[in-house]
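Worksheet for the structure shown next.
Values in this text are rule-based calculations from the coordinates and carry no lab data. Just so you know, these numbers come straight off a predicted model, no measurement behind them. When we count neighbours, we look across all protein chains shown, and the Cβ atoms used for this are built from the backbone with ideal geometry, even at glycine.
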Amino acid sequence: MRLRKHQKGHAAILFAMMIPALFGIFTLASDGARAIQTKARIEDAAEVATLAISAHNDPDQGNSSGGSASSTNRQIVTDYINAYISDVDTIQSIKVYKRSCEEIPECSAGLAIGEPRYFEHEVGVQTTQKSWFPGNDAIVGMGESFTTTGHSLARKYQSEAVDVMFAADFSGSMEDRWSGGNRKYQDLIEIIKNISDELQKFNDLEHNDNDNTVGVSAYNVYTYSKYAGSSNNWWDDDWCYLEQGVSSGWGGMSYSATVSNLWIEKTKSACRSYRYGRFNDIPLTSDFDSANQEISRFWPEGGTASYQALIRGAQLLGEGTNSRRLLIVLSDGDDNEKGIANGLVAAGMCRDIQQGLESDTTPDNRPIRAQMAVIGFDYDPYSNQALRDCVGAENVYKAEDADDIQNTILELISEEIGHLK
C-alpha cells in the first residue's frame, strides 16, 4: 500500500512534467494544421486571381523581369486573398508577371513547329498571420506569426476565329521616327503583317470551322472609301476621300444626325476634294498576303480625325461572320478637331457602334461579342479624352515600341484561358 502511494506521487510529478511538452505538441498541431490549411487556401486564391487577371488584361502589368503589380491587379489579388482567408494579418507582397510567347522557351519552340501562340500570366503572393499559440521559453510554439506563400500560372490562347478591323492612323505625323522603332507608319504596316501571320497559323489548324479575318480602315482627316451607289463603271471613279459625318446644314456637323446615320454608307455627295496621303479601305479578308501587299504601298500625310475610321471601320467590321469582333484604333496623337471627337462620343457614337456590332448573330446563330480598343504610338492615349471615353479606360494601351504594340494586339485576340497544372 505504501509503495502504491509512492507510485501515485511519481505519476503525478511525471504528468506535471509532461504538460508543457504535451501542450507544445497541441500548439504545434493546431497552428501547424492552420498553416497547412492556409497554404491550400492561398494557392486556391492565387489560382483564381491569376485567371481573373488574365481575363481582365489590365494594360499596366508586371513582366517577366519586373514583377510589379498595377493597382488594379493588386486589388484583384487582395480581394481574392481576403475572400479565401478570413484571418490574414498582412499581405506582405504581391507579384504579377505577364510573359509573351517569345519570353517562354516552350512557347517559342512551339511556334517554330506551327503550334499556337499563348501568353502566360503568373501571380505570387505572400501573407503573414498571427499565431494562436506563439509559445514561450517553457512551451514550444509557432512564434508570434507565420508566413505562407501562394503561386499560380495561367495561359491565354486564341480559342475561336475573330474579325479584326484596324482603324489605322496614316496622318502626316506617322511619317516621323520614334524611339520604339523606325518611321511609325512603317512599323504600323509591319505590325499588321505580323499579326496576320499569327492569325494565319490559327486558320491553318485543321479543326477550325471558321477563319480569322483582318481589315483596315485607314484615315487621316478622312477615309478613302468606296461610296454607296457607285456605278462600278470603268470610267467612273467610285472611290474618294469620304466625310463620315453628317452636315448640320449650317456649315458644321450634326452630332446627332451623324450618330443616327453611322451605319448608312455615305454617298458620292460626301466625297471631298483632298489629295493627301495614299491609303484606302481594306474590307475583312482571310487573304492576308494580298491585303499586306496592298497595305505595303500606303503612305501617310495630312491631319488626324479618328472618328472617320471608327465609323467606317464599324461599317466594314459589321460585315464579318465570326463570333468575336475587334475594332482597334492605332494612332500617334490627338484629333485635330477635339471638339468634334468629343461631341460625337457624347452623342453616343461609340455606344451605338458597340451595340450595332453585337446586334446580329453568326450564320450558325451564335451571339457576337465586340470590343473596341485604342493603342497609342509613342504618346499617352489616356490624354485623348474622346477615345478614352469611347472605348473605356480599361481598353486604352500605351505602347513603347513595335513589339509592345504587337503583343498587346495578340493578347486582345487571345481569349481562352487555361490553368497550367
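Observations on the model:
- Taking other Cβ atoms within 10 Å as a rough exposure proxy, Y222, Y379 sort from fewest to most as Y379, Y222.
- Spacing of the modelled spin labels on T285 and D197, each 7 Å from Cα toward Cβ, amounts to 1.9 nm.
- Residue exposure proxy: S159, S173, ordered by other Cβ atoms within 10 angstrom of their Cβ from fewest to most, comes out as S159, S173.
- Each Lys or Arg adds one and each Asp or Glu subtracts one; over the other residues with Cβ under 9 Å from the Cβ of C240, this totals +1.
- Exposure proxy shown here: for T304, T147, the number of other Cβ atoms within 10 Å sets the order, fewest to most, as T147, T304.
- Three-way shape call for the range 163-419 based on the alpha-carbon gyration tensor, with the a/c threshold at 1.5: rounded
- Set of the range 369-397 residues, backbone N closer than 12 Å to the point 7 Å along the Cα-Cβ line of E358: 369-372
- The Cα trace of the range 312-421 gives Rg and Dmax of 15.2, 52 Å, the first to one decimal, the second as a whole number.
- The range 243-393: C-alpha gyration tensor shape, a/c 1.5 cut-off, then a/b vs b/c: rounded
- Trypsin sites (Lys or Arg not before Pro) lying in DSSP loop within the range 241-288, provided at most 14 other Cβ fall within 10 Å: R275
- For W178, residues with placed amide H under 5 Å, excluding near neighbours: K184
- Computed lengthening from H151 to R275, 0.36 nm per intervening residue step minus Cα-Cα distance: 38.9 nm
- Using the Cβ of R278 as centre and a radius below 9 Å, the other residues enclosed give a net charge of 0, where K and R count +1 and D and E count -1.
- Net lengthening on full extension, Q37/E160 (0.36 nm per residue, minus Cα-Cα): 40.4 nm
- 13 Å beta-carbon shell around L330, net charge (K/R +1, D/E -1): -4
- Selection from V345, Y222, Y255, by position along the positive dipole direction of the range 163-419 (Cβ): Y255
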